[in-house]
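The values are calculated or read from the model by the stated rules, or taken from the named source; none is laboratory data. Everything numeric in this text was worked out from a predicted model, so none of it was measured. So basically every Cβ, Gly included, is an ideal-geometry build from the backbone, and we count neighbours across all protein chains shown. Surface areas here come from the heavy atoms of the whole protein model, side chains and all, with no ligands, DNA or RNA. Shrake-Rupley method; radii C 1.70, N 1.55, O 1.52, S 1.80 Å.
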Amino acid sequence: QVQLVESGGGLVQPGGSLRLSCAASGSIFRINDMGWYRQAPGKQRELVAGITNDGTTNYADSVKGRFTISRDNAKKTMYLQMNSLKPEDTAVYLCNADLYRYGPWRSSEYWGQGTQVTVSS
C-alpha cells in the first residue's frame, strides 16, 4: 500500500503563514515529480506548485514570491511554506506524487486526502 498524508492546514489571518507537509509511506521505490494542488468550492482543481526529484520547482503565477515548495527525499516528505496568505488562497490543498512502487512493480500517481486552509479575519 502507498499513502500520502497531508498535515499543517488550518485557519490563519490574512498576511499570516502556514507550512503544509505531505508524507509518503508504503511500498515506494522512488518518488519522481511531486506537487501541491488546491481546490476551492465551485472551482476547478489547480496546480499550486510542483517539484521534481532533483529539486526543480514551478509555481502558479498567483503564488509566486509567496509560496515555497521543497522536499526531503530521505524522509519521503514534501513541504509547502505559504507566506503572505490571502483570502483567495482558501481551499483544500492536496498532495500529488508520481512514483515507482513495488509489490507490484509499477509507476503510479497518488493523491492525499487533502488539508483545509482557510484565510480569514
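A few remarks follow.
- Residues within segment 1-19 that are on the phi > 0 side of the Ramachandran plot and in contact with a Leu (Cβ under 6 Å, 6 or more places away or on another chain), tallied: 1
- Restricted to strands (runs of 3 or more DSSP E) entirely inside segment 13-121, those with at least 1 residues that are of a type in the set (Val, Ile, Thr) are 28-39, 46-51, 57-59, 67-72, 77-82, 91-101, 115-119.
- Qualifying residue in segment 56-67 (condition: open to solvent by 40 Å² or more (accessible area, probe 1.4 Å), at pLDDT 95 or above and within 16 Å of Ser7 (Cα to Cα)): no
- For segment 66-87, filtering for residues that are out of contact with any strand residue (DSSP E or B) (no Cβ under 8 Å at 6 or more places or on another chain) and within 13 Å of Leu18 (Cα to Cα) leaves 1.
- Listed by first and then second residue, the pairs linking a residue in segment 1-19 that is open to solvent by 60 Å² or more (accessible area, probe 1.4 Å) to a residue that is of a type in the set (Phe, Trp, Tyr) and at pLDDT 95 or above, with Cβ atoms under 8 Å apart and 6 or more places separating them unless they lie on different chains, are Gln3/Tyr110; Arg19/Tyr79.
Yes/no matrix, rows are residues, columns are (1) over 16 Å from Val48 (Cβ atoms); (2) more than 17 Å from the chain's Cα centre (by Cα):
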position	(1), (2)
Tyr79	no, no
Asn83	no, no
Asp89	no, no
Val92	no, no
Leu99	yes, no
Tyr102	yes, yes
Trp105	yes, yes
Trp111	no, no
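- Count of segment 88-114 residues, restricted to those that are open to solvent by 20 Å² or more (accessible area, probe 1.4 Å) and within 30 Å of Gly16 (Cβ to Cβ), is 6.
- Ala23 fulfils the conditions (1) buried (at least 16 other Cβ atoms within 10 Å of the Cβ); (2) in contact with a Gly (Cβ under 8 Å, 6 or more places away or on another chain); (3) at pLDDT 95 or above except for a single criterion, (2).
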